[in-house]
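Every read-out reported here was derived from the displayed coordinates using simple, explicitly stated rules and does not represent laboratory data. All of these numbers come straight from a predicted model, not from anything done at the bench. Heads up, the Cβs are rebuilt from the backbone with ideal geometry, glycines too, and the neighbour counts pull from every protein chain shown.
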Amino acid sequence: GPPRWGYLPLLRTRPFMMGAGAISTQNLAMYSLLIQVPYLFGGGEGADAGLGLAIIAMTFTMAAMAPIGGWLAEWVGVKVIVAAGGLIGAVGVSVLGALSSSASPRQVGLRLLIVGLGLGLSTGPANAAAISAVEQEQSGVASATISMLRYFGAIAGGVILFFACVPDKGGG
């Protein structure tokens, strides 16, 4: 048949869209946390070096868990690992959100470790599943689309935070 090209075949491939959607959602959560944690827990005095270490702990845990997530996905299946990682990440965000603004950097860091664990487990398998769901000649466009959606998630997180946190200036 004629060669398939462009975005339309990708958008019609459910496993690709599920993987790309998971990655975009995870980046939305991750970048929202990166932006918001210093404001939520830093107090009025400005940035706390301990909070910086807490954020580094999250990203380090993500990197450390990525190969384990890939190995586990081969063992128990991609859907299970992506779902488990998403659930673990959501639990981390929930317990982080339950902290008071006076929480210590250690308390924040321990919860960010949970987030990093979940995101690290699921990002690699979600990416691999999305790319492997498309025909080989589409892999370049698929990879670029995932990168675009990854950054879209990051930007969307920032925009959502902006509109959620900025007081209404409408004067009505």
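What to note about this one:
- Ranked by the mean number of other Cβ atoms within 10 Å of their residues, highest first, the peptides 24-33, 62-71 fall in the order 24-33, 62-71.
- For region 27-41, backbone phi angles converted through the Karplus equation (6.51, -1.76, 1.60; θ = phi - 60°) give residue-by-residue couplings of 5, 4, 5, 5, 5, 4, 5, 4, 6, 8, 3, x, 6, 6, 10 Hz, Gly and Pro being listed as x.
- Range of Cα positions in the chain per principal axis (Å), largest first: 64, 47, 21
- For the peptides 81-94, 148-161, residues were scored by their other Cβ atoms within 10 Å and the scores averaged per peptide; the highest-first order is 81-94, 148-161.
- Residue-by-residue Karplus 3J(HN,Hα) for region 120-131, coefficients 6.51, -1.76, 1.60, Hz, glycine and proline x: x, 4, 9, 5, x, x, 5, 5, 4, 5, 5, 5
- Phi angles across region 107-119 convert, under the Karplus curve 6.51 cos²θ - 1.76 cosθ + 1.60 with θ = phi - 60°, into 3J(HN,Hα) values of 4, 5, x, 4, 6, 5, 4, 5, 4, x, 4, x, 5 Hz, Gly and Pro given as x.
- Mean residue ellipticity, 222 nm, helices only, the chain: the sum of -39500 (n - 2.57) across DSSP H runs of n ≥ 4, divided by residue count and rounded to 500, is -27500 deg cm²/dmol.
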